[in-house]
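Only one structure is covered here, and it is reproduced in the block below.
The values are calculated or read from the model by the stated rules, or taken from the named source; none is laboratory data. All values derive from a computational prediction rather than experimental measurement. Cβ placement follows ideal geometry from the backbone for every residue including glycine, while neighbour counts extend to all protein chains displayed.
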Amino acid sequence: MVEVGRLLTGQDDGRSHLYDEDDLVMISALQHFLFCPRQCALIHIEQQWLENRLTAEGRVLHERVHGGGRESRRNVRVEFDVPIRSLRLGVVGRADVVEFHHQENGVWRPLPVEYKRGRPKKDDIDRVQLCAQALCLEEMLQREVPVGALYYGQKKRRTEVVFDAGLREKTIKTATQLHVLLASRRTPAPHYAKRCENCSFLPLCLPKVAGRKKVGAYLRKMVES
């Protein structure tokens, strides 16, 4: 069992312990947390879920990929919908695709591939999620995973992701922060940002209303306009 106090005080950096099976959270929660801690809490603490066109398109894309089974061609084996976990990060989930590339030394090196409906992002949200998958594979297979790939539906091409020290550090830190949030059992207050407009939780979260200190003044302004 994870000692919540050690997480909250920063005494545990995600490397010095192993999480119990009951403490594991979905890898997708890392992406939710980096996008918006409040959205993450609504999903994983309050068990809420709202879908819009963007989330529906993403879900359909993943369902298509997960139905692929397995493939084999020359020096590459391809596995779809691969169950993965890491007791060090405290995460569990399924990788869309894991390719196993045959090396000259006879070793099969894993390469995770994550499918996204949109286009490459400027931030590290997708890269952290993919890096978490790589860390899971390294822990499970005891095999180095130096690179992976993100496939974006709008571009219809892959973007290579190198799992360097900086990305690995950010992924470990994000996992620790995620567990701190979930252990607190508290949903952060809303703060409106431009990204809120594309969030499926906008009707539930109401950041323009709930995020204001003076709700009465806001309502009066709405009535007068």
Suppose the filter is at pLDDT below 85, under 18 Å from residue 40 (Cβ atoms), in a helix (DSSP H, G or I) and outside the structural domain of residue 103 (by TED's automatic domain parsing); does residue 204 pass it? yes
Can you find a residue that is in a strand (DSSP E or B) and surrounded by fewer than 17 Cβ atoms within 10 Å (Cβ to Cβ) anywhere in the range 122-130? no
Taking into account only those residues within the range 156-202 that are touching a Pro at 6+ places or on another chain (Cβ under 6 Å) and not hydrophobic (A, V, I, L, M, F, W, C), which is surrounded by the fewest Cβ atoms within 10 Å (Cβ to Cβ)? 188
Filter the range 129-143 for residues that are under 18 Å from residue 170 (Cα atoms) and not polar (S, T, N, Q) and give the result. 130, 131, 132, 134, 135, 136, 137, 138, 139
Matching entry among 119, 127, 77, 185 (being of a type in the set (D, E, K, R), in contact (Cβ under 8 Å) with a residue 12 or more places away in the chain and on the phi > 0 side of the Ramachandran plot): 185
Kindly indicate whether any position in the range 198-208 is touching a Phe, Trp or Tyr at 6+ places or on another chain (Cβ under 7 Å) and over 20 Å from residue 26 (Cβ atoms). yes
Cβ pairs under 9 Å, 6+ apart or interchain, first in the range 144-157 and assigned by TED's automatic domain parsing to the domain that holds residue 126 and basic (Lys, Arg), second surrounded by 12 or more Cβ atoms within 10 Å (Cβ to Cβ) and at pLDDT below 90, ordered by first then second residue, are 155/118; 155/120
Please work out if residue 135 is closer than 19 Å to residue 93 by Cα and either hydrophobic (A, V, I, L, M, F, W, C) or assigned by TED's automatic domain parsing to the domain that holds residue 90 (or both). yes
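Where in the range 4-111 are the strands (runs of 3 or more DSSP E), entirely inside, with at least 2 residues that are modelled with pLDDT of 90 or more and surrounded by 12 or more Cβ atoms within 10 Å (Cβ to Cβ)?
Hits in the range 4-111: 76-86, 91-102.
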Determine if the range 161-177 includes at least one residue that is at pLDDT below 95, outside any strand (DSSP E or B) and in the same structural domain as residue 36 (by TED's automatic domain parsing). no
The lone exception for residue 140 - which of (1) more than 13 Å from residue 86 (Cβ to Cβ); (2) of a type in the set (A, V, I, L, M, F, W, C); (3) assigned to a helix (DSSP H, G or I) it fails: (1)
